[in-house]
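Notes to accompany the following structure.
The values are calculated or read from the model by the stated rules, or taken from the named source; none is laboratory data. All values derive from a computational prediction rather than experimental measurement. No Cβ is skipped: glycine too gets one built from the backbone with ideal geometry, and neighbour counts run over all protein chains shown. Quick note on the areas: whole protein, heavy atoms, side chains included, nothing else; ligands and nucleic acids left out. Shrake-Rupley method; radii C 1.70, N 1.55, O 1.52, S 1.80 Å.
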Amino acid sequence: MPDYLKYNPITKRIIQKWISADPSIVNGLSNILEVTRQEVEGITKFHIVDNGVIREMTQIEKDALLAEEAQAIIDAENARIADLDNK
């Protein structure tokens with residue numbers, strides 16, 4: 001059975017992986033790429049799909065991703081604190 005990736009066409013980030021999936025699972029879904037087992041096992045959060053090709057992010061792209069993740073943690077903590085203040 002083949003392996004598949006789903007990616008966001010705007011950010012190019014990989015958002016889901018299917019390993020040994022029946023093709024009917026991805027049938028009709030958009031932004032799907034069929035990949036080899038070696039490719040899917042080597043995927044990290046620092047890989048993107050660029051023009052149908054998997055590649056590692058540049059350092060600028062990695063820094064932007066890490067900044068977004070850090071900001072999401074800060075935002076979640078601020079929301080938690082605000083929720084506690086309301087109680």
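Restricting the search to strands (runs of 3 or more DSSP E) fully inside the chain and requiring at least 1 residues that are open to solvent by 70 Å² or more (accessible area, probe 1.4 Å) gives 14-18, 32-35, 53-56. Whenever a residue of the range 54-71 is under 14 Å from Lys12 (Cα atoms), its partners that are part of a helix (DSSP H, G or I) and open to solvent by 70 Å² or more (accessible area, probe 1.4 Å), lying with C-beta atoms within less than 8 angstrom and at least six residues away or across chains, give the pairs Ile54/Glu39.
Taking each residue of the range 1-20 that is under 12 Å from Lys45 (Cβ atoms) and looking for partners that are part of a strand (DSSP E or B) and of a type in the set (D, E, K, R) with beta-carbon atoms closer than 8 Å, six or more apart or interchain, yields Ile14/Lys6; Ile15/Lys6; Lys17/Asp3; Lys17/Lys6.
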